[in-house]
Amino acid sequence: YFLAGLKQIQSPHIKEVRGRGLMIAMELFKETGGARPFCYQLADRGVLCKETHENTIRFAPPLVIKKDDVDWALEQIDAVMKA
């Protein structure tokens, strides 16, 4: 559900969204300036994630996450990626 929601986000920054289960990665284009600024913006909105390999954002929510929490996180991620 989370992976499908991330794939629905339309942003010029996103190159690819991939994952298995709740280990999910969002790869950004190099031209965006790296994933770290996006991770800081997401953290300011309450979404914890980790930048890896400069251009990739890693999401690894807890296995007990609820659908409402995923929906909220998707709203925050969508807002950051479209800003």
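When you scan the stretch 10-17, do you find a residue that is more than 14 Å from residue 79 (Cβ to Cβ) and not in a strand (DSSP E or B), even just one? Within the stretch 10-17 (the criterion being more than 14 Å from residue 79 (Cβ to Cβ) and not in a strand (DSSP E or B)), the answer is yes, since at least one residue qualifies.
For (1) under 12 Å from the mean Cα position of the chain (by Cα); (2) among the acidic types (Asp, Glu), each residue gets a yes or a no:
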position: 2; (1), (2): yes, no
position: 39; (1), (2): yes, no
position: 44; (1), (2): no, yes
position: 53; (1), (2): no, no
position: 79; (1), (2): yes, no
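Based on what the data block shows, is residue 48 open to solvent by 40 Å² or more (accessible area, probe 1.4 Å) and aliphatic (A, V, I, L, M)?
Working: open to solvent by 40 Å² or more (accessible area, probe 1.4 Å): yes; aliphatic (A, V, I, L, M): yes.
The answer is yes for residue 48.
Among the polar types (S, T, N, Q) and open to solvent by 40 Å² or more (accessible area, probe 1.4 Å) - does that describe any residue in the stretch 19-40?
No; the residues of the stretch 19-40 include none that is among the polar types (S, T, N, Q) and open to solvent by 40 Å² or more (accessible area, probe 1.4 Å).
Scan 65, 77 and give me the residue that is within 13 Å of residue 2 (Cβ to Cβ) and surrounded by fewer than 15 Cβ atoms within 10 Å (Cβ to Cβ). Let's see the steps before the verdict.
Values: 77 fails: surrounded by fewer than 15 Cβ atoms within 10 Å (Cβ to Cβ).
One residue alone meets the criteria, 65.
The values are calculated or read from the model by the stated rules, or taken from the named source; none is laboratory data. None of these values were measured; they are calculated from a predicted model. Quick reminder, even Gly has a Cβ in these numbers, built from the backbone with ideal geometry, and neighbours come from all protein chains shown. What goes into the accessible areas is simple: the full protein's heavy atoms, side chains included, and nothing from ligands, DNA or RNA. Shrake-Rupley method; radii C 1.70, N 1.55, O 1.52, S 1.80 Å.
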